[in-house]
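Contents: one structure, followed by commentary.
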Amino acid sequence: MLYVLYCLDDPAKNDVRMATRGAHLDHIAASGDLVRVAGPLLADDGVTMVGSLIVLEAPDRATAEAWARSDPYAKAGLFKSVDIRPWKWSIGVPAPLASKD
């Protein structure tokens, strides 16, 4: 099952994002096939990072929640909120996911 993690930063903690960004990216790289899509959410200026959107392919919600808790951003207290939702990808499905409906 796919899970979307919609994470909004605490606006007062931009320094935390920058200080832990390398560890966060390493965490994603070490996650193998679990992380299907990931990237920062941006402010209206198109540059300032204000959160993260991550799509995980996990066997259950508990796995998605555990991954989210282990993210260096979460451990450092960057996020003001984290919303985790099951998600069915139906439009624009990349070839590697096409057979996983």
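Per-residue answers, yes or no, for (1) among the charged types (D, E, K, R); (2) modelled with pLDDT of 95 or more; (3) more than 20 Å from L25 (Cα to Cα):
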site: V50; (1), (2), (3): no, yes, no
site: W67; (1), (2), (3): no, yes, no
site: P72; (1), (2), (3): no, yes, no
site: P96; (1), (2), (3): no, no, yes
site: D101; (1), (2), (3): yes, no, yes
Considering (1) surrounded by 13 or more Cβ atoms within 10 Å (Cβ to Cβ); (2) among the charged types (D, E, K, R); (3) free of Cβ contacts under 8 Å to residues at least 24 places away in the same chain, say which one E57 fails and leave the rest. (3)
Qualifying positions in the stretch 44-76 - small (G, A, S) and more than 11 Å from the chain's Cα centre (by Cα): G46, A58, A62, A66, S70, A76
Of all residues in the stretch 1-30 being part of a helix (DSSP H, G or I) and among the charged types (D, E, K, R), which is farthest from W89 (Cα to Cα)? D15
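The values are calculated or read from the model by the stated rules, or taken from the named source; none is laboratory data. These numbers come from a predicted model, not from an experiment. Every residue, glycine among them, receives a Cβ derived from its backbone with ideal geometry; neighbour counts consider all protein chains shown.
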